[in-house]
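> Pasting in a structure now, in structure tokens, and then I'll have a few things to ask.
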There are 2 protein chains.
Amino acid sequence: MKGRGKDGLPPKRVVKGSTSKMNNVQSQVFRPVPFPQVTINDLFWAPRLRINREKTIPHIYAMCKETGRIDAYRLQWKPGMEKTPHQFWDSDVAKWIEAASYSLAGFPDPALEAVLDTVTALIASAQQQDGYLNPHYTLVEPDKRWTNLRHGHELYCAGHMIEAGVTHFQATGKSTLLNVVCRYADYIDTVFGTEPGKKRGYCGHEEIELALVKLYSVTGNQRYLRLSQYFIDERGRSPCYFDIEEAPDMHKLGREYHQAHLPVREQTEVVGHAVRAMYLYSAMADLAYIAEDQTLLQACKRLWDHLSSKRMFITGGIGSSMYNEGFSSDYDLPNDTAYAETCAAVGLVLWSHRMLQLECDARYADVMERALYNGVLSSVSQGGKTFFYVNPLASHGDLSRQAWFACACCPTNITRLLASFGHYVYSQNEREVAIHLYVQGAAHIHIQGQQVVLRQETHYPWDGHVTLTVALGQSATFALRLRIPGWCSKATIAVNNEPIDIQAMSENGYVKLERAWKHADTISLHLPMPVVRMYAYPDIEADSGLVALQRGPIVYCLESVDNDIPLHKFVLPRTSSLQADFESNVFEGVVTVAADALALDTSSWGNTLYRAESPEMYPARLKAIPYYLWSNRGISAMRVWMREHP
Amino acid sequence: MKGRGKDGLPPKRVVKGSTSKMNNVQSQVFRPVPFPQVTINDLFWAPRLRINREKTIPHIYAMCKETGRIDAYRLQWKPGMEKTPHQFWDSDVAKWIEAASYSLAGFPDPALEAVLDTVTALIASAQQQDGYLNPHYTLVEPDKRWTNLRHGHELYCAGHMIEAGVTHFQATGKSTLLNVVCRYADYIDTVFGTEPGKKRGYCGHEEIELALVKLYSVTGNQRYLRLSQYFIDERGRSPCYFDIEEAPDMHKLGREYHQAHLPVREQTEVVGHAVRAMYLYSAMADLAYIAEDQTLLQACKRLWDHLSSKRMFITGGIGSSMYNEGFSSDYDLPNDTAYAETCAAVGLVLWSHRMLQLECDARYADVMERALYNGVLSSVSQGGKTFFYVNPLASHGDLSRQAWFACACCPTNITRLLASFGHYVYSQNEREVAIHLYVQGAAHIHIQGQQVVLRQETHYPWDGHVTLTVALGQSATFALRLRIPGWCSKATIAVNNEPIDIQAMSENGYVKLERAWKHADTISLHLPMPVVRMYAYPDIEADSGLVALQRGPIVYCLESVDNDIPLHKFVLPRTSSLQADFESNVFEGVVTVAADALALDTSSWGNTLYRAESPEMYPARLKAIPYYLWSNRGISAMRVWMREHP
């Protein structure tokens, strides 16, 4: 990745201020191995990333163009004209720029780079004299700037544009957009803060907080770090800024909706809008890392524990309620009305990944993997051009992916996540390399003065055998941390065919192999992945008496296209064997699951709606497919949880 | 009941036109034995009716007075004043008048009669020169009369006032209000109809249709029958009147909401707002009866079959969705979000009772009984002064009865139903008496030239023994039809200690005992009522794998006040015995149910939300109470359906 030092830290040449704190990374924390140093050539992710590159990124650009999101920056809209620039539009364009930039970093594409040049120049041309940048508030409501932080999304859009500017610079070395967002951030810093004359506000939709940390990381300008810290520290203080600005509580959802009900360090429960929450917590984790803020780390850990133990679907989806697009109450995890917004699952990946750098604990990686392989990946079709905004765990066949949404946050979020997927596979610090995800390919790592190539060979997630080989010039002593997934209870490891005592070598779910590694050392990891019946915590009423199927990290579902019997009539005996088959002709090849089950019989009921005799059942074969694949073969009913016969 | 002939038919003295059709009742159809001829002295209903008389009726009058509903008829409201007369208000006052009148008919009360005199005189004073009567449209929106039939509720209010006028006249012999509603109906008849210059409209909320049949029955004026027929015939025709009047579709629920999507004779599925639907179908059944309209009878039978076999809760509640306060799709019967409006269950009783007169088929009585003992009776507290508007089948403890509602249709509906409860127990025609409900007390019946007193001795619904004795001057030949409830599979009957072959004597769920009855003949009916496990049709997903408890007509529920374990953790083994106990110290004495069950154990789960091991269970005793009694001992969680361990 251009513009970055080879160790993945911000390049010195753009550092304007001191980055001593940032470089003073404690040896026990990790940083991601940047995705341009990670190659992926497996049969699972590589095709998805190719589709993202070849189909999704162009599709999203076309939609942004068609809907007026790009041309809004010409600032030629006038009242009465169509395609009125909307408050959110900047964020869509910005996330597309991020996705396209990530893509360019790994796969040079002069045509795409030219489009990016044009778009970024156009955006630059729309920046106001004072640094402000937002077509909606420049053209449509010019007198409303910064008057409705609660719902206006100005700082949210600024945040996404800052992320875009940073990523575009890192990927291309071009500072067109980076300079724009620095000017914009400088201006924002003159507007917001605790100093007299400044507004003590913060955005109703968190995002700028994590973006400013990125801007600090790439520029080294402490001003951005301090501004991020200000936004984090101010949120939830009394009196609440939303009351001061008298912004209407449009959705009547209270301060919790914006995580502004308490100072963030006092928050113990994940509440409110799920995407807002994830972006906030990600920024808190960033500041815990960059500024070594233990109080933020403790808050993050409490919140993460709460989320992962009480408010997460088995798919890694989060946010139970359409009402607030977010959290409801503990264990309230309904399947058919699950909101589970795509952006929220993406946000959970962003946050969990940050937590994983702070503490190399497999529970963060387990959740990240669960979301990636299920609730995130479900959001985009195999063709790459249609998307789910919500990802419920059951459907009666009334849901299908859409090519676009008026509020297009989800398509743009999934595309930027997939474009940077390699980012999530490995981490390192000065003496250790952690392998979080098993994906065939390689990582190019600089450690202990050596360039090391760590190669993975595996058919994960369809097969649990992983062969890791180490290539390096000279022997070097460092540790490899291999994650033992939480779903796997019988892992085995051998180094150069010598078995390893996993129990003895485990730390927080990772097997730590520390030694003087020499060229061609080979690690054989075996993660047996039978199909298992999964049960939900008994307070999740929606899943009581029900069972889900999981194999490795993949959660399965029944889809009506594979099953003649209405899905709610299936009853799976606890003792029936579950058969996994690799079907090479289903998409790029997937493992499906079949089982001898029972089906509820209605033939003896006549017109009776309630009766004293229990329903009869007859034998029926069921077939399940990976959840992420559902709704790719036409309109279909689906369910993850099915009734069990104990 | 004053003003009525001793055979329950309209008294001749008020008949202005021909009632030949109405008196020409086919011998096979029945008419209710009017409730003033029915005495009730049991331990179940009699206390409820006393509370209704002594607490509920005065409470509702006080609320109507306090909220301005009574004083609205002074027509002194002016813009800017408080207590703006609302579109619905007339219906609340009217239903209170009905309830109070019913009460007076059985229990003379000079003080109440004086209040009624005052209120009816006040209402009469508010009638306009042309006969119009509605304070809202007279004072608040005087230029909007008949402009919004879709949502305006004018004809709905007129209908309730007509019912009030009829009942007040029947109960007291006073024609103050009857004259008012006749004038009003005459005026309405000049406004609506197919003749040139008339509006071809009908009300968005059905009610006037059944009211006009009542007005015809008491006055014999064919004009009212024809107007009712017009409203029924016009509904659902193309073009839709709601489009013609350009009334906004306020709730965006379409014509189905008003059952105006098809001509009523072509309707095959119960749709839309549940109360609206029940009132429409009741009127259709009335016209099928009065006008011997076979096409309406067939439509009613189709719709009733659809409702009772696909869209009814086990409590007799109907209307699954808060969204439209009505029906959703077949078998969509969610427990915690069930709307099951009180008025809809009352409406189901009204309709089923009408169907029962047309065809003496126990399935109508079974549904009527199911609703009465469960989904209707649940709506009012034991104290009689608080009410449920919705009657879900599960609650997390966030629901309690309220003293009043801005939209107060439910309290006023339950009170008028209870005040006329005796109406639902017996029917007769020229040669037969049908006993639909088992309630200790007596019926005074004129049949075959004899005055017959039919006496019931029973502790129903707590005990299934019923002793019927016949008292009459001379022996007379007629048939007694005794309903064998659908919940009872092992009924036995003896007449004067001679066993009866039930199978041989049954017609549509009634045992027909036809003979020359002589004084002191005794019928012993035994309806064994063990506690039974009830199962829902397998397409009701909400109840899959669950079981409910029922004993006799009473549906049971778990309430948290009786159970230390969170209710969703109970699992009832299919084989555990169910113990029924009469607890004399619980309210007026009720049968509760206890069982050895299991409870889901969370102790081994730690922070795990999903795992591969099925949940453990431990033995736990559960206690269930009648559903209708829930939420009478403070805020409490509740559920009807519980998980079963097969």
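> For the stretch B:190-232, which residues satisfy the criterion of being of a type outside the set (A, V, I, L, M, F, W, C), closer than 12 Å to B:L280 by Cα and either in a loop (DSSP other than H, G, I, E, B) or open to solvent by 10 Å² or more (accessible area, probe 1.4 Å) (or both)?
Scanning the stretch B:190-232 gives B:Y202, B:G204, B:H205, B:E206, B:E207, B:Q229.
> Taking the stretch B:211-243, which residues are of a type in the set (A, V, I, L, M, F, W, C) and more than 19 Å from B:L262 (Cα to Cα)?
The answer is B:A211, B:L212, B:V213, B:L215, B:V218, B:L225, B:L227.
> Hey, another quick one. Note down all Cβ pairs under 6 Å where the first residue falls in the stretch A:377-388 and is at negative phi, the second is open to solvent by 10 Å² or more (accessible area, probe 1.4 Å) and among the charged types (D, E, K, R), and they're at least six residues apart or on different chains.
Listed by first residue and then by second, the contacts come to A:S381/A:R401; A:K385/A:K55; A:T386/A:R401; A:F387/A:R401; A:F388/A:R401.
> Only one of these is surrounded by fewer than 20 Cβ atoms within 10 Å (Cβ to Cβ), touching a helix residue (DSSP H, G or I) at 6+ places or on another chain (Cβ under 7 Å) and either modelled with pLDDT of 95 or more or within 14 Å of chain B (Cβ to nearest Cβ) (or both): A:K490, A:K512. Name it.
Going through A:K490, A:K512 in turn, just one is surrounded by fewer than 20 Cβ atoms within 10 Å (Cβ to Cβ), touching a helix residue (DSSP H, G or I) at 6+ places or on another chain (Cβ under 7 Å) and either modelled with pLDDT of 95 or more or within 14 Å of chain B (Cβ to nearest Cβ) (or both): A:K512.
Residues are listed down the side, and each one gets a yes or a no for (1) out of contact with any helix residue (DSSP H, G or I) (no Cβ under 7 Å at 6 or more places or on another chain); (2) on the phi > 0 side of the Ramachandran plot; (3) β-branched (V, I, T):
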site: B:D71; (1), (2), (3): yes, no, no
site: B:K83; (1), (2), (3): yes, yes, no
site: B:K95; (1), (2), (3): no, no, no
site: B:E98; (1), (2), (3): no, no, no
site: B:V119; (1), (2), (3): no, no, yes
site: B:K144; (1), (2), (3): no, no, no
site: B:H160; (1), (2), (3): no, no, no
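> Taking the options A:L549, A:L558, name whichever one is assigned to a strand (DSSP E or B), more than 12 Å from chain B (Cβ to nearest Cβ), open to solvent by less than 10 Å² (accessible area, probe 1.4 Å) and out of contact with any His (no Cβ under 7 Å at 6 or more places or on another chain).
Within the list A:L549, A:L558, the selection yields A:L558.
> Kindly state which helices (runs of 4 or more DSSP H) lie completely within the stretch B:73-189 and contain at least 2 residues that are at pLDDT 95 or above and aromatic (F, W, Y).
In the stretch B:73-189, the matching helices (runs of 4 or more DSSP H) lie at B:89-106, B:154-172.
> Of everything in the stretch B:520-546, what is crowded, with 22+ Cβ neighbours inside 10 Å, part of a strand (DSSP E or B) and more than 14 Å from chain A (Cβ to nearest Cβ)? Give them in sequence order.
If the condition is that a residue be crowded, with 22+ Cβ neighbours inside 10 Å, part of a strand (DSSP E or B) and more than 14 Å from chain A (Cβ to nearest Cβ), then B:I523, B:L525 are the ones that fit.
> Right, next: Give the stretch B:332-358 a look and list any residue that's away from every other protein chain (no Cβ under 14 Å), of a type in the set (S, T, N, Q) and farther than 27 Å from B:Q28 by Cα, or say none.
B:T342
> Any idea which of A:N391, A:N324 is touching a Ser or Thr at 6+ places or on another chain (Cβ under 6 Å), more than 17 Å from B:Y610 (Cα to Cα) and not charged (D, E, K, R)?
Exactly one residue qualifies, and that residue is A:N391.
> Mind listing whichever residues of the stretch B:34-52 are under 14 Å from B:S381 (Cα atoms) and open to solvent by 60 Å² or more (accessible area, probe 1.4 Å)?
B:R50
> Every residue in the stretch B:456-471 that is part of a strand (DSSP E or B) and open to solvent by less than 20 Å² (accessible area, probe 1.4 Å), please.
Result: B:Q456, B:T458, B:V466, B:L468, B:V470.
> What number goes with the only condition from (1) assigned to a loop (DSSP other than H, G, I, E, B); (2) open to solvent by 10 Å² or more (accessible area, probe 1.4 Å); (3) in contact (Cβ under 8 Å) with a residue 12 or more places away in the chain; (4) at negative phi that B:D366 does not pass?
(1)
> Can we say A:W517 is within 9 Å of chain B (Cβ to nearest Cβ) and at pLDDT 95 or above?
The answer is no for A:W517.
> Quick check: is even one residue across the stretch B:18-28 outside any loop (DSSP other than H, G, I, E, B) and either among the hydrophobic types (A, V, I, L, M, F, W, C) or at pLDDT 95 or above (or both)?
For the stretch B:18-28, residues outside any loop (DSSP other than H, G, I, E, B) and either among the hydrophobic types (A, V, I, L, M, F, W, C) or at pLDDT 95 or above (or both): present.
> Hey, another quick one. In the stretch A:374-393, which residues are assigned to a helix (DSSP H, G or I) and either touching a Cys at 6+ places or on another chain (Cβ under 7 Å) or surrounded by fewer than 24 Cβ atoms within 10 Å (Cβ to Cβ) (or both)?
Within the stretch A:374-393, A:S379 is the sole residue that qualifies.
> Given A:Q450, A:Q456, A:Q428, which one is modelled with pLDDT under 95 and either away from chain B (no Cβ under 14 Å) or within 26 Å of A:R354 (Cβ to Cβ) (or both)?
Unique residue meeting the criteria: A:Q450.
> Out of everything in the stretch A:573-597 that is over 21 Å from A:W45 (Cα atoms) and open to solvent by less than 40 Å² (accessible area, probe 1.4 Å), what residue ends up being farthest from the other protein chains (Cβ to nearest Cβ)?
A:A594
> Residues of the stretch B:302-324 being outside any loop (DSSP other than H, G, I, E, B) and of a type outside the set (S, T, Y), which ones?
Scanning the stretch B:302-324 gives B:R302, B:L303, B:W304, B:D305, B:H306, B:L307, B:K310, B:M312, B:I318.
> Right, next: Suppose we filter B:P85, B:P142 for residues that are in contact (Cβ under 8 Å) with a residue 12 or more places away in the chain and not small (G, A, S); which single one remains?
B:P85
> Now a separate question. Suppose we filter the stretch B:561-572 for residues that are within 12 Å of chain A (Cβ to nearest Cβ) and open to solvent by 20 Å² or more (accessible area, probe 1.4 Å); how many remain?
4
> If I filter the stretch A:430-455 down to residues being among the polar types (S, T, N, Q) and touching a residue at least 24 places away in the same chain (Cβ under 8 Å), which single residue comes out as surrounded by the most Cβ atoms within 10 Å (Cβ to Cβ)?
A:Q440
> Also, I was wondering about something else. Looking at A:S320, A:S329, A:S400, which is the one that is surrounded by fewer than 24 Cβ atoms within 10 Å (Cβ to Cβ) and within 14 Å of chain B (Cβ to nearest Cβ)?
A:S329
> Of these, B:R643, B:R633, B:R621, which one is open to solvent by 60 Å² or more (accessible area, probe 1.4 Å), within 30 Å of B:S381 (Cβ to Cβ) and either at the interface with chain A (Cβ under 10 Å from one of its Cβ atoms) or in a strand (DSSP E or B) (or both)?
Answer to the check: B:R621.
> Can you tell me which of (1) out of contact with any strand residue (DSSP E or B) (no Cβ under 9 Å at 6 or more places or on another chain); (2) surrounded by fewer than 24 Cβ atoms within 10 Å (Cβ to Cβ) is the one B:M284 doesn't meet?
Only one criterion in (1) out of contact with any strand residue (DSSP E or B) (no Cβ under 9 Å at 6 or more places or on another chain); (2) surrounded by fewer than 24 Cβ atoms within 10 Å (Cβ to Cβ) is unmet by B:M284, namely (2).
The values are calculated or read from the model by the stated rules, or taken from the named source; none is laboratory data. Quantities reported herein were computed from a predicted structural model and do not represent experimental measurements. Cβ coordinates were reconstructed from backbone atoms using ideal geometry, including for glycine residues, and neighbour counts include every protein chain displayed. In case anyone asks, the SASA skips ligands and DNA or RNA and just uses the protein heavy atoms, side chains included. Shrake-Rupley method; radii C 1.70, N 1.55, O 1.52, S 1.80 Å.
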